[in-house]
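The values are calculated or read from the model by the stated rules, or taken from the named source; none is laboratory data. As the structure is a computational prediction, the values presented were derived from the model and not from experiment. Neighbour counts are summed over all protein chains in view; Cβ atoms, including those assigned to glycine, are modelled from backbone coordinates with ideal geometry. In case anyone asks, the SASA skips ligands and DNA or RNA and just uses the protein heavy atoms, side chains included. Shrake-Rupley method; radii C 1.70, N 1.55, O 1.52, S 1.80 Å.
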Amino acid sequence: MFKKILVPTDGSALAQSAATTAAQLAKSQGAEVIGVYVIDPFPYIGMGEASAAGLQSYLTESRNLAGQALDALGKVCAAEGVPFAGDTIERNVVYEGVIETAQAEGCDLIVMASHGRQGMKALILGSVAQKVLTHASVPVMIVKG
């Protein structure tokens, strides 16, 4: 039924739980897992050398965190004997990066974690998972935390 499963990750324990669910599902379906880590844009817009140095430091740290998160996802997939490929992308809007990756990779399912915020917290903080669920053209499985 599923051949390519996209798993967005931020390296959190909650994302790791979604990774486990996705890897087990992929194993049962004979599918592969595609991991994606979306880097938010540099949060400071300034001028001069301080801005350039800050940007480089931010990108270096973000790429290191992305590598660690994707390595952890890859290990979960390896433990289940599931093929895995990971990628790090930079997007202004995280949910759009997730959806673009799903389309570009030809994924037929997105498995991702959600913190399960409710009420005012959900309204104020927004939810990447909710936006992916709303805008994706493929099925989305939400693993609640």
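Taking first residues from region 70-86 that are among the small types (Gly, Ala, Ser) and partners that are open to solvent by 60 Å² or more (accessible area, probe 1.4 Å), the Cβ contacts under 6 Å between residues at least 6 apart in sequence or on separate chains come to Gly74/Phe84. The set of residues in region 123-136 that are over 18 Å from Ala22 (Cβ atoms), at pLDDT below 90 and either surrounded by fewer than 14 Cβ atoms within 10 Å (Cβ to Cβ) or in contact with a strand residue (DSSP E or B) (Cβ under 6 Å, 6 or more places away or on another chain) (or both) comprises Leu123, Ile124, Leu125, Gly126. All of (1) at pLDDT 90 or above; (2) surrounded by 13 or more Cβ atoms within 10 Å (Cβ to Cβ); (3) within 16 Å of Gly11 (Cα to Cα) hold for Glu61 with one exception: (2). Could you tell me whether Ala31 is out of contact with any Lys or Arg (no Cβ under 6 Å at 6 or more places or on another chain) and modelled with pLDDT of 95 or more? The answer is no for Ala31.
Taking region 69-83, which residues are closer than 11 Å to Ala22 by Cα and surrounded by 20 or more Cβ atoms within 10 Å (Cβ to Cβ)? Result: Leu73, Val76, Cys77, Val82. Restricting attention to region 90-110, does a residue exist that is under 15 Å from Ile142 (Cα atoms), surrounded by fewer than 16 Cβ atoms within 10 Å (Cβ to Cβ) and either free of Cβ contacts under 8 Å to residues at least 40 places away in the same chain or within 14 Å of the chain's Cα centre (by Cα) (or both)? Within region 90-110 (the criterion being under 15 Å from Ile142 (Cα atoms), surrounded by fewer than 16 Cβ atoms within 10 Å (Cβ to Cβ) and either free of Cβ contacts under 8 Å to residues at least 40 places away in the same chain or within 14 Å of the chain's Cα centre (by Cα) (or both)), the answer is no, since none of the residues qualifies. Restricting Gly74, Gly116, Gly86 to residues that are of a type in the set (Gly, Ala, Ser), at pLDDT below 95 and in contact with a Gly (Cβ under 7 Å, 6 or more places away or on another chain) narrows the list to Gly116.
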